[in-house]
Amino acid sequence: MTIQLHDTLRGKKVPFEPLKEGEVTMYLCGPTVYNYAHIGNARPAVVFDLLARVLRRHYKLKFARNITDVDDKINAASIESGKPIDEITAHYIEAYNADMAALAVLPPDVEPRATQHIDDMIAMISRLIDDGFAYEAEGHVLFDVASYERYGELSKRDLREMIAGSRVEVAPYKKAAHDFVLWKPSTPELPGWDSPWGRGRPGWHIECSAMAEKHLGNTIDIHGGGQDLVFPHHENECAQSACAHGGAPFARYWLHNGFLSIDHTKMSKSLGNVQLVHNLIKSVPGEAIRLALLSAHYRQPLDWSGETVASARRMLDRLYGAIRGIEVSPEARAAAVVPQALIDALEDDLNTPKALAELFVLARALNKANDPQEMEALAAQLLAAGELMGLLTSDPESWFAGDADGSLSAGEIETLINERNAAKAEKDFKLADSIRDQLNEAGITIQDSRDGTTWRRSG
């Protein structure tokens, strides 16, 4: 099956064909490192990590995810905290990568930082000026939007309508309201670099274009990001990159994940409903967060709530429950093949709801199986399918034990279960029921079977 991807520029799902046979380049807009990543930031990281895993089955992939470490928000955080900018960015880069690792997001092949590519940005800006697509004014360099006839194609906006409906006060150094900054002057207390236009710093849009050019070439195969970046960020990237490269397209496929809301409300600081991954992973397994983010199709809106998380945990309980107690040899794991139906779902524009459904097809088959060899083969297959999706990475017993911050430790739980079993053996059912109630109140669910009693933390 040919991989199908929904291209924002064409507005439809189309077959994927890389520019160079057997090789793929992909760029994802990464974090601006002035604070911890929120759950909305995590969605593109998880989505495009999954796409990278799918692509690597067929292609040699070079995947770049940038770090924006020069930005007005970072400057503001430095002023507010009194900490040096380098200290702030180093802290949040480390935190971001640790938080994403907790969600089973694999490191990109390249993680360029904006501050390491200032010379590349200056070179690209200089080309745009020389070719008549940008102009200098009062220490600023601006892209002349009117010079690029195809401006607005990606976001499906008509420039004439944008100009007519604009209520933005035009800065005195701009030719037109929609001209955007490529370079801006820096005051002595702000980060700045020497340039042909004086000491200053880059605009946000030019950063991604220059870093993508440096590491992936003039035209990349896939550019990804959140829907909120389509305009103006990605539209501006399209314009400046095409003009800097003689009209060559910046990206052949544009993919955008849908918005994420919190309890059907837009996430915002003012509402106090911002969900930071750094905090969530203290009480919610990273794997449950990942599954929750994959539970809806990536292009669709996703509402994040307590039930979203609880549902993801229940789903993982079912999957881990299916493989619990089954020994899978290295040989069986090596021989395991991911079901074609699951692969087909992922290669059809990352249809994760269908792919997850196929995981449960395997789990049901495993629950019904009685032959040890068949059970091992099915368990190995389920683990292989989970690995492709970045799931089922824990030991089942560790998963059901949960975090050790519960009211009872794992050792205490096991002791109470042994006491209950002893009470049942002596037909002291009142005591046995009392211990079960005690465990239930502590958030521990127990299940009796022919093979003994198993337990897991609820919630």
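The values are calculated or read from the model by the stated rules, or taken from the named source; none is laboratory data. These figures come from a predicted structure and were not determined experimentally. So basically every Cβ, Gly included, is an ideal-geometry build from the backbone, and we count neighbours across all protein chains shown.
Observations on the model:
- Only helices (runs of 4 or more DSSP H) whose full extent lies in region 339-450 are considered here, and the ones with at least 3 residues that are touching a Phe, Trp or Tyr at 6+ places or on another chain (Cβ under 7 Å) and closer than 22 Å to Met315 by Cα are 396-401.
- Comparison of Glu307, Glu327 shows that the only residue that is in contact (Cβ under 8 Å) with a residue 40 or more places away in the chain, surrounded by fewer than 18 Cβ atoms within 10 Å (Cβ to Cβ) and acidic (Asp, Glu) is Glu327.
- Pairs, first in the same structural domain as Ile129 (by TED's automatic domain parsing) in region 175-195, second among the hydroxyl-bearing types (Ser, Thr, Tyr) and surrounded by 16 or more Cβ atoms within 10 Å (Cβ to Cβ), C-beta under 6 Å, six or more apart: Gly192/Ser186
- For region 299-319, the tally of residues that are part of a helix (DSSP H, G or I) and either within 29 Å of His6 (Cβ to Cβ) or modelled with pLDDT of 95 or more (or both) stands at 8.
- Condition met for Ala385 (under 30 Å from Lys13 (Cα atoms), free of Cβ contacts under 8 Å to residues at least 60 places away in the same chain and among the small types (Gly, Ala, Ser)): yes
- Residue satisfying condition, being in a loop (DSSP other than H, G, I, E, B), among the hydroxyl-bearing types (Ser, Thr, Tyr) and either crowded, with 17+ Cβ neighbours inside 10 Å or in contact with a His (Cβ under 9 Å, 6 or more places away or on another chain) (or both), within set Tyr36, Tyr27: Tyr36
- Any pair with Cβ under 7 angstrom, 6 or more apart, that starts in region 124-139 at a residue that is at pLDDT below 95 and ends at one that is surrounded by 18 or more Cβ atoms within 10 Å (Cβ to Cβ): Gly139/Trp197; Gly139/Gly200
- Residue among Ser268, Ser209 that alone is touching a residue at least 60 places away in the same chain (Cβ under 8 Å), out of contact with any Cys (no Cβ under 7 Å at 6 or more places or on another chain) and over 30 Å from Thr393 (Cα atoms): Ser209
- Matching residues in region 26-49 - criterion: being more than 23 Å from His297 (Cα to Cα) and in contact with a strand residue (DSSP E or B) (Cβ under 7 Å, 6 or more places away or on another chain): Thr32, Val33, Tyr36
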